[in-house]
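The structure under discussion appears below in the form of structure tokens.
Each reported figure results from applying straightforward, stated rules to the coordinates on display, with no laboratory input. Remember, it's a predicted structure, so these values are computed and weren't measured experimentally. Because the Cβ atoms are built from the backbone with ideal geometry, glycine has one as well, and the counts that use them run over all protein chains shown.
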Amino acid sequence: MASILTQNLLSPIALAFALGVFAKLVRSELQLPKDVYTGISIYLLLALGLHGGAELAHASLASIAWPALVTVLLGLITPVTSYLVLRRIGRFGVQDAAGIAAHYGSVSAVTFIAAQQFTQAMGASPEAFMPTLLTLLESPGIHLALAIGAVNAGASGRPLGETLHEVLTGRTMILLVGGLVVGFAMGDKNWQGIAAFFDTQGAAFKGALVIFLLEMGIVAGSRLADLAKAGPFLLAFGTVMPVLHGALGAALGSLAGLGVGGATVLAAMAASASYIAAPPAVRLTLPEANPTYYLTSALAITFPFNILAGIPLYFEIATLMQGA
Amino acid sequence: MHTVPLKLVTIVAEPVLEEQLTALLHRLGARGHTVTDSRGAGSRGMRASDPPGGGVRIEVVVGPDVADRILAHVAEHYFPTYAVIAFVSIVEVVRGEKYV
């Protein structure tokens with residue numbers, strides 16, 4: 001375990017993230033221009049979709065059915081467990097608990113990518129259809145948590161239907177789902193023409209990912225001051241909950257027939273907290289939920305935890321479960 | 001040049017509200033609006049935007065009645081829960097009929 005952890009900490013992804021945090025800690029003026037950040041995130045998501053779609057063309061419907069089912073199941077379980085723990089143990093109000101649960105019910109695409117890169121590096125390639133599973137996990141958790149919040153709080157900032165439209169037509173979903181369809185439709189020959197640029201195991205993708213993680217480090221670093229406001233409970237929640245959800249993801253993934261690589265990636269998906277699709281959806285639907293709580297726990301606690309320690313841990317758990 | 005006094009309503013808000021607020025302005029009688037990205041800090045701190053931070057500055061030139069309606073609506077529906085400020089200034093515009 002220790003050697004895997006070290007190996008992960010010395011990966012370009014983890015080191016770039018650490019550099020970003022460091023830059024913020026020493027109050028460097030370094031930051032990615034907003035348009036560059038947006039551009040890279042579009043590239044990463046589109047590449048993920050295109051490559052996933054191209055590989056999906058080789059997968060059989062039978063092999064993906066069970067993994068898809070457990071993914072949707074995870075999307076329905078994780079927001080509820082998060083909500084209950086936050087309400088019962090954390091003593092959070094309805095809107096705050098539902099707001100945080102919406103983030104933990106959804107998925108962080110960058111954590112997904114980091115898990116994919118890690119398992120590849122460990123020689124346990126995840127199944128080719130994993131990006132398809134990613135699209136299944138993006139939306140249900142957010143809506144379930146928002147619905148819990150809206151129903152229990154009695155009032156809501158705006159109708160859930162508008163939120164549904166916003167998440168389903170957001171950048172992440174259009175690029176991922178659209179990329180999958182385009183990648184699937186174009187066929188192998190066309191994919192080969194653009195693979196040098198969009199291959200998620202290629203140099204272009206990995207290089208862009210390093211720059212993106214640098215910015216993620218800066219963003220997370222700028223939230224560190226808010227850790228005190230978030231309090232010790234959220235610090236514990238942001239690290240323990242991912243491990244529980246990760247173990248559940250690894251178990252369900254293994255049951256559904258995924259290999260160690262796939263089960264690890266699914267675990268990382270279940271363990272991760274969304275910070276692109278969820279924040280605006282929560283802000284508009286549950287306006288009384290405090291953004292400091294959900295942004296700090298998703299960005300400054302859970303994201304770094306997963307990138308630095310969580311993913312190798314899920315890999316160990318999946319390996320143990322499958323007796324490999 | 002002949003100018004007409006009108007009201008310039010300025011709303012500085014978290015970016016997530018841009019669509020709702022601009023739709024609101026037109027519903028309450030505005031004929032156009034301008035949105036600019038902004039930076040800053042206030043009593044509420046965090047913004048739920050991607051990437052986090054920043055805000056939008058929405059400006060609109062309207063007659064006094066519409067300005068009142070906008071301020072009243074923003075005060076009732078947005079001040080309690082969102083990072084929003086709004087204020088009115090008097091401006092002298094040419095082509096006054098364009099705005100009301």
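Below is a table of values for the structure above.
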quantity: Electrostatic dipole magnitude of chain B [Cβ: Lys, Arg +1; Asp, Glu -1; Cα centre; debye, to 20]; calculated: 100 debye
quantity: Eligible lysines near A:Lys229 by straight Cα distance, threshold 21 Å, same-chain separation 8 or greater; calculated: A:Lys24
quantity: Whole-number D in µm² s⁻¹ for segment A:220-324, Kirkwood Cα-pair radius fed into Stokes-Einstein, 25 °C, 0.890 mPa s; calculated: 171 µm²/s
quantity: Cα pair distances of segment A:8-49 binned at 10 Å [whole percent]; calculated: 25, 38, 34, 3
quantity: Cβ-placed point charges (K, R +1; D, E -1), dipole of the protein assembly as shown about Cα centre in debye, nearest 20; calculated: 540 debye
quantity: Evaluated at q = 0.17, 0.18 Å⁻¹: base-10 log I(q)/I(0), Debye formula over Cα of segment A:276-324; calculated: -0.63, -0.66
quantity: All-pairs Cα distance distribution in segment A:149-226, expressed in whole percent, bin size 10 Å; calculated: 14, 24, 29, 22, 10, 1
quantity: Residue-wise HN-Hα coupling along segment A:96-108, computed from phi with Karplus coefficients 6.51, -1.76, 1.60 (Hz; x: Gly, Pro); calculated: 5, 5, 5, x, 5, 4, 4, 5, 7, x, 8, 10, 9
quantity: Cα-based reach from B:Lys7 at 30 Å (exclusive), listing lysines while leaving out same-chain residues under 8 positions away; calculated: B:Lys98
quantity: log10 of Debye I(q)/I(0), alpha-carbon scatterers only, for chain B at 0.23 Å⁻¹; calculated: -1.18
quantity: Residue-averaged beta-carbon neighbours from other chains (10 angstrom radius) around A:23-35; calculated: 1
quantity: Where only C-alpha atoms are counted, convex hull volume of segment A:244-286 per residue in Å³; calculated: 77 Å³
quantity: Residues A:Leu176, A:Leu160 arranged by fewest to most Cβ contacts within 10 Å; calculated: A:Leu160, A:Leu176
quantity: Volume in Å³ per residue [convex hull over Cα atoms, computed for segment A:128-270]; calculated: 164 Å³
quantity: 13 Å beta-carbon shell around A:His58, net charge (K/R +1, D/E -1); calculated: -3
quantity: Measure of compaction for segment A:18-152 (Cα Rg per 2.2 N^0.38 Å); calculated: 1.27
quantity: Relative contact order of chain B, defined on C-alpha pairs under 8 angstrom at six or more residues apart (%); calculated: 49 percent
quantity: Share of Cα-Cα pairs in segment A:127-192 lying beyond 15 Å, as whole percent; calculated: 61 percent
quantity: Whole-Hz ³J(HN,Hα) from phi, Karplus 6.51 cos²θ - 1.76 cosθ + 1.60, for segment A:205-221, glycine and proline x; calculated: 5, 5, x, 4, 4, 4, 5, 5, 5, 4, 5, 4, x, 5, 5, 5, x
quantity: Orientation-averaged projected area, Cα convex hull of chain A (nm²); calculated: 15.7 nm²
